[in-house]
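The values are calculated or read from the model by the stated rules, or taken from the named source; none is laboratory data. Everything numeric here is computed off the predicted structure, so don't read it as measured data. Note that each Cβ is placed from the backbone with ideal geometry, even for glycine, and that neighbours are counted across all protein chains shown. Accessible surface areas use protein heavy atoms only, side chains included; no ligands, DNA or RNA. Shrake-Rupley method; radii C 1.70, N 1.55, O 1.52, S 1.80 Å.
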Number of protein chains: 2
Amino acid sequence: MPEERTHKVSCTNYTYELEVGFEILSGKWIPLILAHLADGPHRFGQLRRLMPDVTKKMLTQQLRNLEKYSIVHREVYPQVPPVVEYSLTPIGQKLVPILHHVSDWSHEYLQLRDQLGLN
Amino acid sequence: MPEERTHKVSCTNYTYELEVGFEILSGKWIPLILAHLADGPHRFGQLRRLMPDVTKKMLTQQLRNLEKYSIVHREVYPQVPPVVEYSLTPIGQKLVPILHHVSDWSHEYLQLRDQLGLN
DNA sequence: CAGTATCCTTGTTGATACTG
DNA sequence: CAGTATCAACAAGGATACTG
């Protein structure tokens with residue numbers, strides 16, 4: 001149980017930080033990429049096989065964004081053919097519990113909708 | 001401390017639920033709207049004043065989406081002029097801790113970037 | 001293997017004017 | 001007050017071909 005918040009949730013810092021977080025997390029494949037990297041470091045080709053619907057272009061683009069934000073580390077082993085390994089940075093690791101919470105919430109949400117016979 | 005997960009995070013159900021959650025949360029003004037509704041029910045005009053950068057069209061559109069997903073309840077009081085009040089549903093309430101976590105994470109993230117002198 | 005480059009389609013957001 | 005309707009602008013994503 002987290003400690004009670006005494007300030008209104010919509011104070012300026014709070015909403016600014018909220019938007020920062022969601023901006024980093026926004027992107028069609030970002031949560032999926034993070035979920036896979038949460039299992040450990042992966043090579044580019046491994047990620048591609050885990051996410052067959054994502055084109056190389058999009059996978060590269062979103063990984064580069066995550067790298068720019070220091071969420072993901074990109075390690076290049078200069079070999080021929082090249083080997084590139086992606087992994088979560090320490091601050092990236094700290095996003096993982098949030099992914100769990102979202103997944104848990106969705107689970108409950110989907111169950112509720114089933115119960116009510118919606119959709 | 002949440003209990004240890006024994007399954008790989010990227011198993012099918014997990015990733016599906018992850019995407020459901022993030023789909024509901026996606027939309028430029030969604031987190032902000034939810035943050036304000038977390039403080040209690042608000043009328044349309046109140047929300048507008050709290051979010052002056054959001055056009056009426058976008059505010060309506062995103063509120064209607066949240067209503068469609070049963071995250072938000074829309075109560076119309078048939079008066080002239082009309083009064084419409086928006087509030088979080090029970091399952092919508094359960095999203096609030098996730099917003100807190102994202103904001104907390106961002107706070108830590110921004111501090112770290114400051115420390116490292118990045119950006 | 002791990003990308004880039006280019007072009008194109010689609011989805012999202014915004015500006016503005018109008019309404020019960 | 002709480003919206004709609006219409007159109008325009010822009011951003012995000014995808015298909016395909018090429019490369020060190």
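Out of segment B:74-96, which residues are touching a helix residue (DSSP H, G or I) at 6+ places or on another chain (Cβ under 7 Å), open to solvent by 60 Å² or more (accessible area, probe 1.4 Å) and more than 7 Å from every other protein chain (Cβ to nearest Cβ)?
We begin by selecting, within segment B:74-96, every residue touching a helix residue (DSSP H, G or I) at 6+ places or on another chain (Cβ under 7 Å); these are B:74, B:84, B:86-88, B:91, B:94-96.
Going one step further and asking which of them are open to solvent by 60 Å² or more (accessible area, probe 1.4 Å), we end up with B:74, B:94.
B:R74, the sole residue that qualifies.
Are there helices (runs of 4 or more DSSP H) fully within segment A:14-69 with at least 3 residues that are within 12 Å of DNA strand D (Cβ to nearest atom), without any contact (Cβ under 8 Å) to a residue 40 or more places away in the chain and open to solvent by 50 Å² or more (accessible area, probe 1.4 Å)? List them.
In segment A:14-69, the matching helices (runs of 4 or more DSSP H) lie at A:56-68.
Show the residue pairs meeting these rules: Cβ distance below 9 Å; 6+ apart or different chains; first residue within segment B:94-119 and of a type in the set (G, A, S); second residue outside any helix (DSSP H, G or I).
B:S103/A:V9
Just to be sure, is B:E75 over 13 Å from the mean Cα position of the chain (by Cα), of a type in the set (D, E), assigned to a strand (DSSP E or B) and near DNA strand D (Cβ under 9 Å from one of its atoms)?
For B:E75, the condition - over 13 Å from the mean Cα position of the chain (by Cα), of a type in the set (D, E), assigned to a strand (DSSP E or B) and near DNA strand D (Cβ under 9 Å from one of its atoms) - is not met.
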